[in-house]
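As structure tokens, the structure follows; a few thoughts come after it.
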Amino acid sequence: MTYDCAIIGGGPAGLNAALVLGRCRRHVVLFDNDDARNHVVRESHGFLTRDGICPSELRRLAHEELAAYPSVELHQDKVTAVKRLTETHYEVTTASALSFRCTKILLATGLKDEQPNVPGIERFYGTSLFSCPYCDGWEVRDKPLAVIADKNVAKLAKEVFTWSRDLIVFTNGEGRLELDERELLESYGIQVVEDIISGLEGRDGQLERVRLEDGTLIDRSFGFVTPLWSHGDHFAESLGCELNEYGGIKTDEYGRTNVWNVYAAGDTANIVPAQLIVAAGSGSAAAIGINGDLTNEFFGKPLPK
Ligand SMILES: Cc1cc2nc3c(=O)[nH]c(=O)nc-3n(C[C@H](O)[C@H](O)[C@H](O)COP(=O)(O)OP(=O)(O)OC[C@H]3O[C@@H](n4cnc5c(N)ncnc54)[C@H](O)[C@@H]3O)c2cc1C
């Protein structure tokens, strides 16, 4: 069988694309290896009607809804290779050594986070340290916050100030903060600490103190960090997809990449703003693009050169 579309990645982007394509009666196969970057959090926020939902519960509900669409298949499997067979056919191979043929590919594989170089940061990431104030700022409003950042320091600090005036910025010896930016932050009562952080203290995921190299302990209970984002795979590169200025896969508003028949949605394309609802929305738009292109092809519109 040749599927209309293979979706790689079953986060909100891939799942919403599957929903829309299933409702278009398209034959869809979706692969997911359950390793989303938000798996560290217990609650996610800002998705209307689902504010505070656990990410795994959001997926469970999505799977339940998709079960109503018989032309959508979900596979708990990792895609290891995507090969172009002809101008209109691709082959997707999985870690279980299964192969699937399809006409269109939707890349919805999300991103991978690499944390700043602070010992023990992973013990707190997702419980008291977060990356996005729009996702978790409300929950930590008015708390003693840390911004731990080695890039875009001033921008993140100014944003976080929206939620708490009790804010200390840690550049961890590496961050670049121009003098005028530092002075601006300090003029608003934001302390800037440029020393290297030697560790974070706290228990059960709850941050209590930031420890500097000289032994100084600074009380902080929550904070925001700036991870480095990367694609966890080489599909975009191997398929010849161009990247946008943020490093995401470049697409038009319907998820079309520069490679005919290859689409992208969610964080892997947009990078910022990274939100569940934005990812789900872009999955929906890509599905509409895919169905529109399949329809045009069916009615004989010539393929672009
Ligand atoms: C700590 C943290 C907290 C966050 N909190 C919030 C929040 O409160 N509210 C909010 O709106 N957003 C939040 N976000 C952002 C949100 O999680 C992302 O924007 C959203 O999950 C992106 O959806 P996606 O479908 O693009 O990618 P993802 O959700 O990352 O899903 C991608 C999926 O693709 C799968 N995959 C990748 N490669 C393969 C492969 N080769 N084969 C098969 N499957 C593959 C992965 O396992 C994963 O399941 C948070 C992010 C982080 C890191």
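Just from its helices, what would the mean residue ellipticity at 222 nm be for the chain, if runs of 4 or more DSSP H residues each count -39500 (n - 2.57) and the sum is divided by every residue, rounded to the nearest 500 deg cm²/dmol?
After summing the helix terms and dividing by the residues of the chain, the value is -7500 deg cm²/dmol.
Over the chain, give the accessible area per residue in Å² for a 1.4 Å probe, as an integer.
Per-residue value: 50 Å².
Any cysteines in the chain with zero other Cys Cβ atoms under 4.7 Å from their Cβ? List them, or say none.
So, C5, C24, C54, C102, C241.
In a GNM of the chain with a 10 Å cut-off on Cα contacts, which of V272, V20, V72 has the highest mean-square fluctuation?
Top of the fluctuation ranking is V272.
I want the local charge near N117. Using Cβ-Cβ distances under 9 Å, sum +1 for each Lys or Arg and -1 for each Asp or Glu among the other residues.
Counting the neighbours of N117, the net charge comes to -2.
Pull up the DSSP beta bridges for the chain and report the antiparallel fraction as a percent, rounded to 5.
Bridges in the chain that DSSP calls antiparallel: roughly 45 percent.
Within the set of other residues whose C-beta is less than 14 Å from the C-beta of V92, count the net charge using Lys and Arg as +1 and Asp and Glu as -1.
Local charge sum for V92: -1.
When a/c reaches 1.5 or more, the comparison of a/b and b/c decides; with that in mind, is the range 244-305 rounded, prolate or oblate per its Cα gyration tensor?
Verdict is oblate for the range 244-305.
Relative to the compact globular guide of 2.2 N^0.38 Å, what is the alpha carbon radius of gyration of the range 65-119, as a ratio?
Working it through for the range 65-119, the quotient is 1.55.
Rounded if a/c is under 1.5, else prolate if a/b beats b/c, else oblate: with a ≥ b ≥ c from the C-alpha gyration tensor eigenvalues square-rooted, which is the range 116-225?
Taking the square roots of the gyration eigenvalues as a ≥ b ≥ c, the range 116-225 is oblate.
Can you find, among A97, A108, G126, the residue farthest towards the positive end of the dipole of the range 71-141? Put +1 on the C-beta of Lys and Arg, -1 on that of Asp and Glu.
Towards the positive end, the residue furthest out is A97.
Based on the mean of other Cβ atoms within 10 Å per residue, sort peptides 207-219, 189-201 so the most packed one is first.
Output ranking for 207-219, 189-201: 189-201, 207-219.
Relative to the present Cα-Cα distance, how much length would full extension add between D51 and H234 at 0.36 nm per residue of separation?
Between D51 and H234, full extension yields 62.6 nm more.
In the calculated pair distance distribution of the range 33-169, what percentage of Cα-Cα distances lie above 22 Å?
Value for the range 33-169 (Cα pairs over 22 Å): 56 percent.
By how many degrees, between 0 and 90 and to the nearest 10, does the Cα long axis of helix 276-298 differ from the longest principal axis of the chain?
On a 0 to 90 degree scale, this one is about 20.
When only Cα pairs under 8 Å and 6 or more residues apart are kept, what is the percent relative contact order across the range 116-225?
This gives 34 percent for the range 116-225.
The values are calculated or read from the model by the stated rules, or taken from the named source; none is laboratory data. Predicted model only: the values in this text are computed from it and were never measured. Every residue, glycine among them, receives a Cβ derived from its backbone with ideal geometry; neighbour counts consider all protein chains shown. What goes into the accessible areas is simple: the full protein's heavy atoms, side chains included, and nothing from ligands, DNA or RNA. Shrake-Rupley method; radii C 1.70, N 1.55, O 1.52, S 1.80 Å.
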